[in-house]
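The values are calculated or read from the model by the stated rules, or taken from the named source; none is laboratory data. Everything quoted here is computed from the prediction, not taken from an experiment. FYI the Cβ positions are ideal-geometry reconstructions off the backbone, even for glycines, and counts take in every protein chain you see. All accessible areas refer to the heavy atoms of the entire protein, side chains included, with ligands and DNA or RNA removed. Shrake-Rupley method; radii C 1.70, N 1.55, O 1.52, S 1.80 Å.
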Amino acid sequence: MIALVVAAALVQATPQLVLTGVGRWAMFADAASITADGEGAVRMRSLQVADADFTAGDKSYWGGWSWWRFDCEARTGQRLDFAALAADGAEGPITPVNGAPEPLAPGGDAAELAAVACAAAPPAADAATAEAAVRLGRARLEAR
């Protein structure tokens, strides 16, 4: 129960979205969500921004949010869930991801996110809202 309260508080905190990479998606690390998990690792939320024309069925999506767990010393990462972010700002449903921690592949999304999560001091934010991150992310996606 305490974990749910903490998670809810983190989601409500003002995001500090740091652009970590642009490939198939524009990826942002939410530096405001970084917390130690009590087991020698950190948890952090990320925002995955899709191309402007991304749809599923007849619904448009900005992308989605995920929670991650990183063991900075062991250099492993684990995506914990995914929640779609519709173009109208609606989030969900949350879908758990039940994979095991995996080694961080240099240049991969998880490694780029872990660089922020494991930093002594995270870099400055590129956006403070999901909407601002979507604008920036889509501009970078179009420029690739």
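Only one residue in L141, L113 is under 22 Å from A36 (Cα atoms) and not basic (K, R), so which one is that?
L113
Just for region 55-67: of the residues that are at pLDDT 95 or above and under 21 Å from L141 (Cβ atoms), which one is farthest from the chain's Cα centre (by Cα)?
Here the answer is S60.
In region 113-140, which residues are closer than 17 Å to G64 by Cβ and of a type in the set (D, E)?
Correct list: E131 only.
Taking region 44-55, which residues are surrounded by 12 or more Cβ atoms within 10 Å (Cβ to Cβ) and not in a strand (DSSP E or B)?
A50, D51, A52, F54
Considering only region 122-144, how many residues are part of a loop (DSSP other than H, G, I, E, B) and either out of contact with any strand residue (DSSP E or B) (no Cβ under 9 Å at 6 or more places or on another chain) or of a type in the set (K, R) (or both)?
Here the count works out to 1.
In region 105-125, which residue that is buried (at least 17 other Cβ atoms within 10 Å of the Cβ) and not small (G, A, S) is modelled with the lowest pLDDT?
P122
Which members of region 56-87 meet the condition of being open to solvent by less than 10 Å² (accessible area, probe 1.4 Å), under 17 Å from T129 (Cα atoms) and not small (G, A, S)?
Hit for region 56-87 is L85, nothing else.
If you go through region 8-43, how many residues are at pLDDT below 95, under 14 Å from the mean Cα position of the chain (by Cα) and either of a type in the set (G, A, S) or assigned to a strand (DSSP E or B) (or both)?
Going through region 8-43 one residue at a time, the tally reaches 0.
Report whether or not E102 is acidic (D, E), farther than 28 Å from A52 by Cβ and open to solvent by 50 Å² or more (accessible area, probe 1.4 Å).
So E102 passes the test.
Quick one: count up the residues across region 65-99 that are outside any strand (DSSP E or B) and either touching a strand residue (DSSP E or B) at 6+ places or on another chain (Cβ under 7 Å) or acidic (D, E) (or both).
8
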